[in-house]
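Notes to accompany the following structure.
The values are calculated or read from the model by the stated rules, or taken from the named source; none is laboratory data. Please read these numbers as outputs of a predicted model, since none were measured by experiment. Cβ coordinates were reconstructed from backbone atoms using ideal geometry, including for glycine residues, and neighbour counts include every protein chain displayed.
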Amino acid sequence: MKKGGRTTVMLVVSLGFLGPLVALGASPDVVLNEVAWGGTAAGGQDEWIELRNCGASPVDLAGWVVTIGDARIPLSVVEESTLEVRRSTLEPGGFLLLERTDDTTVSDVAADVIYKGALSNTGANVKLLDAMGNVVDQVLCADVGWPAGCASEGALPYATMERVDPIEMGNVWRTNDGLVHCGVDAAGAPIQGTPRAANSATVDYLTAPRVQLLAPIAGEAGCPLVVQWQAIDPDGLPAGLQIAIAVRVEGAEEWTVLIENLANQGSFAWDCSSFAKGVTYEVRVSATDWEDRVGAATSTPFTLR
């Protein structure tokens, strides 16, 4: 405890970490959007939490509370673990920034709420409650650990845990990618997160290539095996993607690249005669855009006969 990274036929798309959020029915308008549980390079205690209004109307947060374990942080009044409230209405598409202890955690972005309390590096249960005490959103990590984000020892130290897209992707979290970030910490160093701005995970989801895998399908497959795909780049040229096809034994870590530099859509006849029969494989089609963003689609496992 610290102190005060779609389917038409049998498609699996890997877009991030499925965090231990408990399903609450329809996606709420206001969500927990980003959690800086590891602090910042200026101090592990410099934690912050961000809320996002995904709806089309303002939300009055009077009576609403964020809880961290047993600690309660009212969002509209100074009491319990709340030290200061500067704003308690969340505009459509807007963000609400909660900074721990003081307003220097994100030194160039003003906090909306200042609170006391700590987020353990091993995980915590964080909940958003409305004025009636109903759980609007929650991330339950006390027992299983955070699904994303880094502390000082992470691959990208002090990178935040970001929601990909609560409307389209639900409870999927990613670690800030270090490419899309904003704000500076108490020492003036860049924050590996996006306080009061669109998450890097969201930007990547909206702009990364989308790959649709049409074949192969599950079951048995003979040689040659035909791989069919189509891909688009939401923010790029219609034909500007680099397509690659790879294969691996089901569950293996390494992929073997079969061919690269293919068109955005097409088919490829894989001569799999040199591969072991009776073994279960997976095929992946990946697309890389001009910003080096990658989208991929992986087939369900199939057995060569």
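Some points to look at:
- Pair list, Cβ under 6 Å, 6 or more apart: the range 175-201 residue of a type in the set (Lys, Arg), other residue not in a loop (DSSP other than H, G, I, E, B): ARG196/PHE95; ARG196/LEU97
- Only residues that are part of a strand (DSSP E or B) and modelled with pLDDT of 90 or more were counted across the range 277-298, and they come to 12.
- When the range 259-292 is limited to residues that are surrounded by 20 or more Cβ atoms within 10 Å (Cβ to Cβ) and of a type in the set (D, E, K, R), the one that is farthest from the chain's Cα centre (by Cα) turns out to be ARG284.
- Where a residue in the range 124-145 is assigned by TED's automatic domain parsing to the domain that holds ASN53 and in a strand (DSSP E or B) and its partner, wherever it lies, is charged (D, E, K, R) and surrounded by 15 or more Cβ atoms within 10 Å (Cβ to Cβ), with Cβ under 6 Å and at least six apart: LEU128/ASP137; VAL135/LYS127; VAL136/ASP130; GLN138/LYS127
- Selection status of ASP204, modelled with pLDDT under 90 and either assigned to a strand (DSSP E or B) or surrounded by 15 or more Cβ atoms within 10 Å (Cβ to Cβ) (or both): yes
- Test: residue in the range 171-188 that is surrounded by fewer than 16 Cβ atoms within 10 Å (Cβ to Cβ), modelled with pLDDT of 95 or more and not assigned by TED's automatic domain parsing to the domain that holds PHE275: yes
- Residue in the range 59-75 that is hydroxyl-bearing (Ser, Thr, Tyr) and touching a Gly at 6+ places or on another chain (Cβ under 7 Å) present: no
- Selection status of GLU50, buried (at least 23 other Cβ atoms within 10 Å of the Cβ) and of a type in the set (D, E, K, R): yes
- For the range 240-251, the tally of residues that are part of a loop (DSSP other than H, G, I, E, B) and either modelled with pLDDT of 90 or more or more than 27 Å from the chain's Cα centre (by Cα) (or both) stands at 2.
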